[in-house]
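Please read the structure below before turning to the comments.
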Amino acid sequence: MIRTITLPPGYRRADLLAFHGRDAEGVAERVESNRIRKGVILDGVAVLLDIRLDQHSASCRIDADGVLTAAAQQLADDALLNTLGLRIDPAPFLEAVADDPLLGPVAAANSGLRIMQSATIFEALTWAIMGQQINLPFAISLRRTFIERAGRAHSSGMLCYPEAAGAAQLALEELTSRKFSRAKAETLLRLAQMVDSGALTLSRDTPVDEASAALLAIKGIGPWTVNYTLLRGYGYPDCSLHGDVAIRSAFQRLLGEDSKPDVARTEALLARYTPHRTMAAAHLWASLQSAA
């Protein structure tokens, strides 16, 4: 099936391609000029999302290795919106900070910036767990291993990012023998088993406070992981990433100070941008890239 999605004016294709092309080996994502192919398991079915961008729209082919239920079709449509970064409208944030001395100039310089998301909440959450307290290249290598061990191949030959049922079947040693710390591997398997058994539901219909509390109750998942998941998985517009080192570094640079603000002060600085803290985080990250 094919979906055509109209892209908003000023849509930044380069941001989309860069986000989904972070893994140069691309076992579950392939990024080419104006094209993204992404494999993902949806409701037990291997699905390839083939997205081709033109000037004003995205032509999205959903190629499933089997029959998609109505629920799975909705998951596929959601995955397309997530992948394209169309969950959060950046305009309210831009309006809110137009006269802000700190983020106003940063936002004006990146007015078309959007939050790119993972295809599913499970992908966002597992990626956040894998990325805890390690550098990006190492996190990407762990993610690749996770896909290779827990995912499966689409008929196109591409691997698909796993869902909970596949990950729940992994043995701990399949991860710890491949550079996962024991704590990280245990958290991933604990999460997958809870989702697979129905003990934990990952749904955008869940109120954000309820979703946050359920995730924080899981051993190995803390506030940073929850907020990152709300941002990349749920598309929640008011995530406070005050524990993120890059956010603190961005504030240090913008404030012209000799050291990073501590977590408490960073939280207070971000609170000024409620209810648009997700877009504030995106612009703070972008400010570091523009300064490089």
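Coordinate-derived values only; no laboratory data. All of these numbers come straight from a predicted model, not from anything done at the bench. No Cβ is skipped: glycine too gets one built from the backbone with ideal geometry, and neighbour counts run over all protein chains shown.
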### Message
Given the options M194, T69, I134, identify the residue whose Cα lies farthest towards the positive end of the charge dipole of the chain (+1 on Cβ of Lys, Arg; -1 on Cβ of Asp, Glu).
### Response
I134
### Read-out percent of Cα pairs over 34 Å apart, derived from the coordinates shown; its label in [x] 15; [y] 44; [z] 19
[z]
### Task
Could you calculate the FRET efficiency of S141 with T69 from 1/(1 + (r/R0)^6), where r is the beta carbon distance between them and R0 is 35 Å, rounded to 0.05?
0.55
### Query
Short version: ³J(HN,Hα) in whole Hz for each residue of the range 66-79, in order, from phi by Karplus 6.51 cos²θ - 1.76 cosθ + 1.60 (θ = phi - 60°), x for Gly and Pro, what are they?
x, 8, 8, 5, 4, 5, 5, 4, 5, 4, 5, 5, 4, 4
### Hits among lysines - C-alpha to C-alpha of K219 under 19 Å, sequence gap 8 or more where chains match
K184
### Query
Which residues' amide hydrogens lie under 5 Å from the amide hydrogen of E163, considering only partners 5 or more residues apart or on another chain, with H built in the peptide plane?
I41
### Task
With only Lys, Arg, Asp and Glu charged, each at its Cβ (+1 for the first two, -1 for the last two), find how big the charge dipole of the range 2-87 is about the Cα centre; round to the nearest 20 debye.
300
### Message
Can you compute 3J(HN,Hα) from phi for each residue in the range 156-170, using the Karplus curve 6.51 cos²θ - 1.76 cosθ + 1.60 with θ = phi - 60°, rounded to whole Hz and x for Gly and Pro?
### Response
6, x, 6, 7, 10, 4, x, 10, 4, 4, x, 5, 5, 7, 5
### Message
Report D for the range 24-66 in µm² per second (integer): Stokes-Einstein, Kirkwood Rh on Cα pairs, 4 °C, 1.567 mPa s.
### Response
117
### Message
Using a Gaussian network model on the chain with a 10 Å cutoff between Cα atoms, which of L231, L113, L68 fluctuates the most?
### Response
L68
